[in-house]
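Structure, as structure tokens:
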Amino acid sequence: MNWLKQLFARRRLYRELSEEIQSHLDEKVEELVADGMPREEAMQSARREFGNVGLIEENSREVWTWPSVEEFFFDVRYGLRGMRRNPVFTTVALLTVAIGIAANAAVFTVVNSVLLKPLNYPKAEELVSLHQIAPGAEGLADFESGLLLSPSMYFTYAEHNQTFQSLGVWIPGTANVTGLAEPEQVRTVAVSDGVLQTLGVPPAVGRWFSQVDQVPNAPGSVMLSYGYWRRRFGGDRAVIGRNIMVDSQPREIVGVMPPGFRFVDSEFDLTAPLAFDRGKLILAGFGFHGIARLKPGRTIAEANADISRMLPIWMDSWSNGPGSNPHIYETWKITPTIRPLKQEVIGNVGELLWVVMGTIGVVMLIACANVTNLLMVRVEARQQELAVRTALGAGWARIVTGLLIESVMLGLIGGVLGVGLAYAGVRFLVAIGPSNLPRLNEIAIDARTLEFTFILSLLSGLLFGLIPALKYAQPGTGSALQSAGRTISVSRERHGARNLLVVGQVAMALVLLICAGLMIRTFAALRKVDPGFAEPQHLQVMRISIPDLLITEPERVTRTQNAILDKLAATQGVKSAGFASDMPMEGFDSDWDEIFAKDKVYSGDLIAPLRLYKNISPGFLRTAGTRLVAGREMTWSEVYALRPVVMVSENLAREMWGTPSAAIGKYLREYSNMPWHEVIGVIQDVREKGLQEKAPEIVYWPPLVQNRFAPAVRTTTFVIRSERAATESFMNEVRAAVWSVNSNLPLASVRTMEEVYDKSIARISFTLVMLGIAGAMALALGIIGIYCVMSYTVSQRKREIGIRLALGAQSGNVLQMVLKQGAKLTLVGVAIGIGAAFGLTRLMTHLLFGVAAHDPLTFVAVAALLLLIALLACYIPARRAALVNPMVALRCE
Amino acid sequence: MKKTVKRDLFPGALEMMILRMLKRQPTHGYALVQQIKRTSQDLLVIEEGSLYPALQRLLKEEFVKAEWDISPANRRVRIYKLTAAGAKHLEHEVSTFERMLEGITRVLAPEGS
């Protein structure tokens, strides 16, 4: 603690030192006077022999100080004083830095939370998704989720693997909870044994499922999510052991998962055991997501090899029923493509976020260029001061350090302000971000974000401080002292740096604007795509599910749905109503099956291509506004009579039979025992998976089919066309209508088709908004940059312009001269920007739709726009130059 | 800026001499200069002021202590006194210096001697 004592004792030390030196001098003088020297002369002599008192005192004091630290604090104080003295400069510079840093910090928060942070599970790096593909199975290639696992695969993998600590399968779904308050449809996740063990998150209350819960036909058990527990049971710990009715079956609550827990990317309210009946399993049934935890040290490649090894075991251990060939799946070429669970969660959003991060980084560079310009102007104004300091002995390094400390301080203060703004920015981003953005609820500013912001502030401070510092702290400032106060015309070299900055700013702004332009074109192209339904704002949709235990008999399910439709159609303001197994773009897992045509030959073991299939009610097409291309719709009497009729999409009709009309009267079926169904109608192509995706080939079955697996469709989206859609009063009447048929049926996912539509293009609109904001910021900053530089140049050249005018130049010439200079800078920037954009826009190809990455129209239009605005920005200073009064300009020196 | 202290001596020489003087008897700054001048018989020219940074360094290292007192000439002065650490340091410095001097002398000695 010696140094601490020193710090406090220092003042006294310095005082004593002065006193001591004074006493020394006095003693010397006394002695010399005593020797007969006149007092005046003695005093001079004493001082001469002593040396420079001030310097010696300083040197003596220095013994007690840490010179570098103290110099640093001096520079900081000096810098702060400078900032206070120039409030306009400081405000503009700080705001620029703060907004730039806030935008970067906010976007980084999202990038960090979504892409960089590990998942919220213990040892998350060991978790993998059991992804596999089947390139040999036609139709499956469309699957984004690859080939899901069948229950028999799960048992094989779980029992024979050598690379996993644990593994399990799970499937998201919905269920109706009744008997609590109003009937409610909740989000569920059904899990096999091993899923909770793999994720490794202990329950907040109660226990996990055990193997006992996975026994088929055991009394049902269920676990709650934390949110559902708080919402429905007020967080009461006594719920453990209570029964609730899930899909009309009593289930005992055994546990509650902690807050924030999710199954991979699925939010849920309830989770229940899958309880597979091992004895009844077949090879097929590829509907389950697989997750696993690797044994420590095992790699994904080893795990892939392990799964490949187990596939033959799987085919040997199970069958698809008597007479079927289990090795038929060899033609599917099933290949494990295990990937880290994190990649599964993040999906393809990474590219989008990095594009946004990149653009916002460019905005920061432009902001830095602006601040550099401001600092250069300011340092120039301080030339004299700096020259004086140099003349007084301040070293070059000392002045550079001083200037850098000032700019870094600017950066850091801007950073602190920026973090404040970033909190608001993050909230904004989360609000406008695509609602299907993974890990949305994990987005928060954390230590890593603050670290990033700090480093960014520091680096920007250094970046925009470096050029002015190096440029103006050069030795040989004698001329600065001489010319001080005279506005000589500034040397070409000095303009060089400033011009370079402007060119850079224009180039960067152009790149961002071109990206934004391409997104606008993409958006416009998407809006023109016919989604396969009409006037979505007047389409009310909602999900209704009728569980087995509530209504067992298939025909009664359909009759109930029919009754609901009749009630809905009778509601005031309803034009028509219908239902389908799901609406396009709703994002529910689609159903696929092999479809055989009667007039096609399928050789032996070959499996027919998989087709997406749906069930639709009579009246659905008219309600949704989906066009019938050929043939006719089915009727209710055909449905109840189980008439074997079917409809197909236009692209399927063309693929199988050439034209839509040729399809009418042809026959289809799913499997050999099913009766042939006659194609009676062809329906327009529908953008099932979103506007950007190709419309898939679809088979439309009636709601009630002679099908041994699923005779009636139980979970459906009801569609109501009405001008009153989405209004409160309308929804109340709709609910009353549904419940007048069966009061145990909850309504879920209640929304208009417009919301579904908007959600499906949320990714594009988010990118558009972000690039739009970045582009606008870049444009504004770039224009301010040009304006400042041109204004400054004009003010510096006032004298020269004055002379020109005095010598007979016309004010028009001067205007032209200044404009030409601005145009030259802008053109160079635009040229460089176009070159850079050519290379960079290729990186965003995946985000584009209906427009090429090198779309000439966008490039030309944006360049022209930028040039025009830049010229406008130059016009103001140019006009000021033209109005210079030669007499005033020359006299004011 | 530190270089402005003009010294014909090698670094540490002044400190060594101060310690040597103080070993003889505690004294104050002005008297120290005079003593060094006198003892060296004016062979060494010392800028009087340069004494003070050296004294501060010694104080910081705690090789000397300082106390305000009244001088024989009835003047308020700061009397410097050698500490135990200072005495030890002096011994070490002197022996190092003597060895160095011996080395230099040998190198500079006329040939053949």
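Quick rundown of the values:
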quantity	calculated
Among (1) open to solvent by less than 40 Å² (accessible area, probe 1.4 Å); (2) in a helix (DSSP H, G or I); (3) touching a residue at least 40 places away in the same chain (Cβ under 8 Å) - the single one A:Y787 does not satisfy	(1)
Meets criteria (open to solvent by less than 50 Å² (accessible area, probe 1.4 Å), in contact with a helix residue (DSSP H, G or I) (Cβ under 8 Å, 6 or more places away or on another chain), at pLDDT 85 or above and not β-branched (V, I, T)) for A:A882	no
One residue from A:R687, A:R763, A:R751, A:R721 being part of a helix (DSSP H, G or I) and among the basic types (K, R)	A:R763
Every pair of residues 6+ apart whose Cβ atoms lie under 6 Å, when the first sits in segment A:790-817 and is farther than 20 Å from A:A873 by Cα while the second is modelled with pLDDT under 85 and open to solvent by less than 50 Å² (accessible area, probe 1.4 Å)	A:R799/A:A889; A:G802/A:V884; A:G802/A:P886; A:G802/A:A889; A:L805/A:P886; A:A806/A:P886
Qualifying residue in segment A:353-374 (condition: modelled with pLDDT under 90, aromatic (F, W, Y) and open to solvent by less than 20 Å² (accessible area, probe 1.4 Å))	no
Members of segment A:643-684 found to be open to solvent by 50 Å² or more (accessible area, probe 1.4 Å) and touching a helix residue (DSSP H, G or I) at 6+ places or on another chain (Cβ under 9 Å), listed by number	A:R643, A:R654, A:T659, A:S661, A:I664, A:K666
Test: residue in segment A:78-91 that is open to solvent by 10 Å² or more (accessible area, probe 1.4 Å), in a loop (DSSP other than H, G, I, E, B) and more than 29 Å from A:S266 (Cβ to Cβ)	yes
Scope segment A:536-551; condition open to solvent by less than 10 Å² (accessible area, probe 1.4 Å) and within 30 Å of the chain's Cα centre (by Cα); matching residues	A:L539, A:Q540, A:V541, A:M542
Test for A:L768: is it part of a helix (DSSP H, G or I) and either hydroxyl-bearing (S, T, Y) or open to solvent by less than 50 Å² (accessible area, probe 1.4 Å) (or both)	yes
Condition broken by B:I70, with the remaining ones in (1) in contact (Cβ under 8 Å) with a residue 12 or more places away in the chain; (2) within 12 Å of chain A (Cβ to nearest Cβ); (3) of a type in the set (V, I, T) satisfied	(1)
Matching residues, segment B:28-63, being open to solvent by 70 Å² or more (accessible area, probe 1.4 Å) and more than 9 Å from every other protein chain (Cβ to nearest Cβ)	B:R38, B:T39, B:Q41, B:D42, B:L43, B:V45, B:E61, B:E62
Residue in segment A:569-603 that is modelled with the lowest pLDDT, counting only those that are assigned to a loop (DSSP other than H, G, I, E, B), over 25 Å from A:A663 (Cα atoms) and open to solvent by 50 Å² or more (accessible area, probe 1.4 Å)	A:D589
Options A:A809, A:A831; residue that is modelled with pLDDT of 85 or more and surrounded by fewer than 17 Cβ atoms within 10 Å (Cβ to Cβ)	A:A831
Checklist (1) within 14 Å of another protein chain (Cβ to nearest Cβ); (2) surrounded by 15 or more Cβ atoms within 10 Å (Cβ to Cβ) applied to B:L90, failing item	(1)
Tally, over segment A:27-60, of residues that are under 19 Å from B:L55 (Cα atoms) and within 9 Å of chain B (Cβ to nearest Cβ)	13
All positions within segment A:691-736 that are out of contact with any Leu (no Cβ under 9 Å at 6 or more places or on another chain), open to solvent by less than 10 Å² (accessible area, probe 1.4 Å) and under 18 Å from A:S749 (Cα atoms)	A:T716, A:T717, A:F730
Strands (runs of 3 or more DSSP E) wholly inside segment A:226-304 containing at least 3 residues that are within 18 Å of A:D193 (Cα to Cα) and open to solvent by less than 20 Å² (accessible area, probe 1.4 Å)	A:249-256, A:270-273, A:289-294
Criterion (free of Cβ contacts under 8 Å to residues at least 60 places away in the same chain, out of contact with any His (no Cβ under 9 Å at 6 or more places or on another chain) and surrounded by fewer than 19 Cβ atoms within 10 Å (Cβ to Cβ)) met by exactly one of A:V205, A:V212, A:V222, A:V201	A:V212
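The values are calculated or read from the model by the stated rules, or taken from the named source; none is laboratory data. In this text, all values refer to a predicted model and were calculated from it rather than measured experimentally. In this analysis, Cβ positions are derived from the backbone assuming ideal geometry, glycine residues included, and neighbour counts consider all displayed protein chains. Protein only, heavy atoms only, side chains kept; ligands, DNA and RNA dropped before computing areas. Shrake-Rupley method; radii C 1.70, N 1.55, O 1.52, S 1.80 Å.
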